[in-house]
Amino acid sequence: MSGEILLLSGPNLNLLGERSPEIYGASSLEEHVGRFRELASAAGYSVRDLQSNFEGDLIEAVHGARGRSVAIVINAGALTHSSWALCDALATFEGVKIEVHLSNPAAREPFRHVSTLAGVVNGSIAGFGALSYDLAFDAVRRVLEAS
């Protein structure tokens with residue numbers, strides 16, 4: 001298999017490794033992206049990544065992935081729980097969509113228990129720390145290979 005995977009990271013994820021390492025771990029976003037890129041490359045996929053603290057940038061990236069990318073892996077951060085606009089954008093993307101979280105939102109504050117994205121993604125991976133990104137890539141690969 002081959003094709004481009006869009007790896008999206010939402011608000012405050014640029015602070016991974018510094019912000020609440022007891023929740024999100026000590027690895028930086030660059031480390032997570034690098035590991036994801038290595039896994040993808042070994043399987044024949046390319047990765048385009050974007051981190052933004054602005055909802056509109058993420059929506060534009062989803063729009064730009066239509067007809068270009070075979071999959072989107074998204075850690076929308078807090079936008080997971082509030083962005084119906086991002087949900088609507090993801091609904092227009094016909095490829096594989098995987099939601100990923102380092103922590104387990106269901107085990108945290110009540111406002112984090114709802115994902116506005118859950119209804120439009122193929123599945124969600126949460127709570128496995130840095131392994132969450134490895135599992136997200138594996139899910140993308142397996143879904144694409146099965147189709």
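The values are calculated or read from the model by the stated rules, or taken from the named source; none is laboratory data. None of these values were measured; they are calculated from a predicted model. We place every Cβ from the backbone using ideal geometry, glycine too, and count neighbours over all the protein chains shown.
Brief remarks follow.
- Qualifying residue in segment 29-41 (condition: in contact with a strand residue (DSSP E or B) (Cβ under 9 Å, 6 or more places away or on another chain), more than 15 Å from residue 102 (Cα to Cα) and among the charged types (D, E, K, R)): yes
- Out of 56, 77, 67, 17, sole residue that is surrounded by 14 or more Cβ atoms within 10 Å (Cβ to Cβ) and either at pLDDT 95 or above or touching a His at 6+ places or on another chain (Cβ under 9 Å) (or both): 77
- Residue selected from segment 65-102 under the condition touching a residue at least 40 places away in the same chain (Cβ under 8 Å) and of a type in the set (Gly, Ala, Ser), by the criterion nearest to residue 9 (Cα to Cα): 76
- Residue 66 being farther than 13 Å from residue 6 by Cβ and among the basic types (Lys, Arg): no
- Search result, residues across segment 81-104 that are surrounded by fewer than 20 Cβ atoms within 10 Å (Cβ to Cβ), in contact with a helix residue (DSSP H, G or I) (Cβ under 8 Å, 6 or more places away or on another chain) and of a type in the set (Ser, Thr, Tyr): 92, 103
- Elements of type helices (runs of 4 or more DSSP H) in segment 26-122, at least 3 residues being at positive phi and among the basic types (Lys, Arg): none
- Members of segment 57-109 found to be over 18 Å from residue 136 (Cβ atoms) and of a type in the set (Asp, Glu), listed by number: 57, 60, 88, 94, 109
- Screening residue 49 on (1) without any contact (Cβ under 8 Å) to a residue 40 or more places away in the chain; (2) surrounded by 17 or more Cβ atoms within 10 Å (Cβ to Cβ); (3) of a type in the set (Asp, Glu) shows it passes everything except condition (1).
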